Number of protein chains: 2
Amino acid sequence: MRERFQEELDGVSSTLVEMAGLVKIAIENATTALLTADLTLAEKVIAEDLVIDQIQHDLDARTISLIAQQGPVATDLRTLVTSLRMSADLERMGDLAHHIAKSARMRYPSTAVPPELSLTIEEMSRVCVKIIEKVALVIKNRDTERALELERDDDEIDGLHRKIIQTLLDPNWKHGVETAIDMTLLGRYYERCADHAVSIARRVYFLVTGRYANENS
Amino acid sequence: MRERFQEELDGVSSTLVEMAGLVKIAIENATTALLTADLTLAEKVIAEDLVIDQIQHDLDARTISLIAQQGPVATDLRTLVTSLRMSADLERMGDLAHHIAKSARMRYPSTAVPPELSLTIEEMSRVCVKIIEKVALVIKNRDTERALELERDDDEIDGLHRKIIQTLLDPNWKHGVETAIDMTLLGRYYERCADHAVSIARRVYFLVTGRYANENS
């Protein structure tokens, strides 16, 4: 009985890792669509967000039915409740990739990102993807060391976000208010995506250690 | 035993209603701070967000311990899981009020909002507060009619958000990129706050009816 339950718990964890994998691909593709004005790729990200939503839906139903059938207490219950929260974070991260793809689609056949910000957006995406890869390992291996690393990676995202705002405020900014609005929102989407990954890492950290990771950031 | 458990469930619901009340006050005060450059009030909203966070923390601990002790199934379990999700929505709504207050503080002693957008922000806040008041009643009375109303109220928020963007894109916009960035983010904070309220209403609707409210928006 216990063995069967452990298998179910492992299955929940694997599905969360699978969701993280899909979110990672979504962010990568949304960024490519954004920087190369690739409408087909943007549409693909938008359509595939429904897949992530459906996985979350099924996973949550499975998780709740496990709670109902097994009546877990203590660590098992906390693991399942934490899974519900992590799936919500991952679903939201998928939404943010979807928002980025929608921004690409809205500006097609132009690109939403002006040349002087392409590299910064590319870098934000790169750090965001690194964070998502790490968070998948944090979930998979309950790796608390790596969970702590994510706090620092998040500072990197915040620095890049500030760099975008500084570029927009530069007196030489020549792309007008519409592009500034796009860039403000795009910067925020990547930043929020990373925030959710950090939340997941903190949840795992707390689950494993019973202590809070750095809550200052 | 059942009676005691029902009392506990009612207590969880009351605490959610209490959280909604605090979020409502936070949005009202943050908006006043924003429009009148009231630093003291902005600081108050920022400080009081910790109270909302603490209530969520305690409520979730209570909810999880109820699940552990009572081993609820079917509707009772779904009610408790939904409570965990609603408390997360309300906590996030508090964060968004906090963000609005921080924007007021950052621009002090100026106001972040230029005169031609004051009324629109006031209106966004008013609709947002109306939505939060309704969602408190939806939680309290499991009022599915009102839950459906919130979908329409949310359209009002989206319309106001579009109005802000249109104002920023008007060739006569004379407040520069920094104010445009502020207004883009402020518009998004109110919009997201309303989105979370709509999520709560949908959760209650599903809990009561077993069907989804309008998922198109």
* **Residue count for the range A:139-172, restricted to those that are in contact with a Leu (Cβ under 7 Å, 6 or more places away or on another chain) and assigned to a helix (DSSP H, G or I)** => 4
* Hey, residue B:180 among the small types (Gly, Ala, Ser) and away from chain A (no Cβ under 14 Å) or not -> no
* In the range B:21-59, which residues are within 13 Å of the chain's Cα centre (by Cα) and at positive phi? -> none
* Determine which member of the set A:112, A:101 is in a loop (DSSP other than H, G, I, E, B) and out of contact with any strand residue (DSSP E or B) (no Cβ under 6 Å at 6 or more places or on another chain). => A:112
* Of the residues that make up the range B:197-208, is at least one free of Cβ contacts under 8 Å to residues at least 40 places away in the same chain, part of a helix (DSSP H, G or I) and of a type in the set (S, T, N, Q)? -> no
* Asked: Would it be correct to say that residue B:65 is out of contact with any Phe, Trp or Tyr (no Cβ under 7 Å at 6 or more places or on another chain), assigned to a helix (DSSP H, G or I) and small (Gly, Ala, Ser)?
  -> yes
* Answer from A:70, A:54 - the residue that is polar (S, T, N, Q) and crowded, with 17+ Cβ neighbours inside 10 Å -> A:70
* Could you give me the residue pairs with C-beta distances under 8 Å whose first residue belongs to the range A:118-141 and is free of Cβ contacts under 8 Å to residues at least 12 places away in the same chain, whose second residue is surrounded by 15 or more Cβ atoms within 10 Å (Cβ to Cβ) wherever it lies, and which are 6+ apart or on separate chains? => A:137/A:143; A:137/A:146
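So that you can scan it fast, the table gives a plain yes or no per residue for (1) surrounded by 17 or more Cβ atoms within 10 Å (Cβ to Cβ); (2) within 14 Å of chain B (Cβ to nearest Cβ):
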{"position": "A:145", "(1), (2)": "no, no"}
{"position": "A:149", "(1), (2)": "no, no"}
{"position": "A:163", "(1), (2)": "no, yes"}
{"position": "A:166", "(1), (2)": "no, yes"}
{"position": "A:172", "(1), (2)": "no, yes"}
{"position": "A:184", "(1), (2)": "yes, yes"}
* Could you say whether any residue in the range A:27-41 is modelled with pLDDT of 95 or more, in contact with a helix residue (DSSP H, G or I) (Cβ under 7 Å, 6 or more places away or on another chain), part of a helix (DSSP H, G or I) and closer than 23 Å to residue A:208 by Cα? -> no
* Asked: Here are some conditions: (1) buried (at least 18 other Cβ atoms within 10 Å of the Cβ); (2) over 28 Å from residue A:183 (Cα atoms); (3) of a type in the set (Gly, Ala, Ser). Residue B:125 meets all but one. Which one does it not meet?
  -> (2)
* **Single residue of the range A:6-21 satisfying the filter (surrounded by 13 or more Cβ atoms within 10 Å (Cβ to Cβ) and among the charged types (D, E, K, R)) that is farthest from residue A:94 (Cα to Cα)** => A:8
* Asked: So which residues in the range A:74-101 are within 15 Å of residue B:80 (Cα to Cα) and either within 9 Å of chain B (Cβ to nearest Cβ) or aliphatic (A, V, I, L, M) (or both)?
  -> A:77, A:78, A:80, A:81, A:84, A:85
* Please go through the range B:23-63 and pick out each residue that is within 20 Å of residue B:131 (Cβ to Cβ), among the acidic types (Asp, Glu) and in contact (Cβ under 8 Å) with a residue 60 or more places away in the chain. => B:28
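The values are calculated or read from the model by the stated rules, or taken from the named source; none is laboratory data. Model, not experiment: these values are computed from the prediction. Counting neighbours? That spans all protein chains shown, and the Cβs are built from the backbone with ideal geometry, glycine included.
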